[in-house]
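Peer 1: Let me give you the structure first, and then I'll get to my questions.
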Amino acid sequence: MANGLQRTISLTAFLTILLMTGACNASNPAPPITPSAQQPASSAPESPPAPSSVVGPAPADLHDVNWADVPVPAEFCGVPGLVRLDPTGDAMATSRTWGPVRVRRTKNILYGDTDGDHRDEAVAFVGCDNNGATQNADIAVGYVVYAHAGKNLAVLGSITPRKKSASFHTALARAEFAPGQIIVHEKWYRPNDAHCCPSGDATTVWTREGNRLTPGAPRITS
């Protein structure tokens, strides 16, 4: 009985020594792999995209722009690209929708600061018509918004009437500036209105986010 117990103890001791020897001879384990740290996100605000259409150099104050030399976009009238006007503020162009049209810009430029940089943006009224081919010549109208793009003058976008009229096109009456907004007042035609006298009033708020202008729903005020 004692011999059996001694054999059991000897076998247990042998296995213990064998395991310890294997552990000592095993190659040292590699250090744990630490995932590379991700680059922290930049805390600087993302720069807004540059306005899409640079039309020339800009003075520090857009009130000093010689608007007679500034081209206009007329995509709201189906005219691609920029249109350079003559000294009277008119130009003939070809509309993809209406064919030959006259593009015109009024001399009354509106100014206001929408992005809080203490520099005014500028809004010019631009319209197109069929150059007198019919009595009701007007085809489409829009406000073209100009802004600084660095040291350049650029087209920020075009604002068009949002309230649809029963007849003729809705007119643009005036624009007001507010932080991040351009508030546009529209005159729209009811079914029985003569071409001279649209009787409906509506207001559309255009929101500026970076260099994007987005219209809200028109609100009928009368």
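The values are calculated or read from the model by the stated rules, or taken from the named source; none is laboratory data. Predicted model, so just to flag it, every value in this text is computed and none were measured. With ideal geometry, Cβ positions are generated from the backbone for all residues, glycine too; neighbour counts draw on all protein chains shown.
Peer 1: Which one of ALA37, ALA60, ALA41 is part of a loop (DSSP other than H, G, I, E, B), of a type in the set (A, V, I, L, M), at pLDDT 95 or above and loosely packed, with under 14 Cβ neighbours inside 10 Å?
Peer 2: Just one listed residue meets the conditions, ALA60.
Peer 1: For residues in segment 127-150 being of a type in the set (A, V, I, L, M) and touching a Ser or Thr at 6+ places or on another chain (Cβ under 8 Å), which is modelled with the lowest pLDDT?
Peer 2: Filtering first and then ranking leaves ILE139.
Peer 1: Then there is this: When you go through THR160, THR214, THR207 one by one, which is the residue that is at pLDDT 95 or above, surrounded by fewer than 13 Cβ atoms within 10 Å (Cβ to Cβ) and β-branched (Val, Ile, Thr)?
Peer 2: Among THR160, THR214, THR207, only THR214 is at pLDDT 95 or above, surrounded by fewer than 13 Cβ atoms within 10 Å (Cβ to Cβ) and β-branched (Val, Ile, Thr).
Peer 1: Tally up the residues in segment 107-120 that are out of contact with any helix residue (DSSP H, G or I) (no Cβ under 7 Å at 6 or more places or on another chain), assigned to a strand (DSSP E or B) and either closer than 16 Å to VAL184 by Cα or among the acidic types (Asp, Glu) (or both), please.
Peer 2: 3
Peer 1: Filter segment 165-196 down to the residues that are over 27 Å from GLU121 (Cβ atoms) and either among the basic types (Lys, Arg) or touching a strand residue (DSSP E or B) at 6+ places or on another chain (Cβ under 9 Å) (or both), then identify the one that is surrounded by the most Cβ atoms within 10 Å (Cβ to Cβ).
Peer 2: Checked segment 165-196; the qualifying residue surrounded by the most Cβ atoms within 10 Å (Cβ to Cβ) is TYR189.
Peer 1: Among the residues of segment 186-222 satisfying the criterion of being in contact (Cβ under 8 Å) with a residue 40 or more places away in the chain, within 21 Å of PHE168 (Cβ to Cβ) and assigned to a strand (DSSP E or B), which is nearest to the chain's Cα centre (by Cα)?
Peer 2: The extreme case among them is PRO215.
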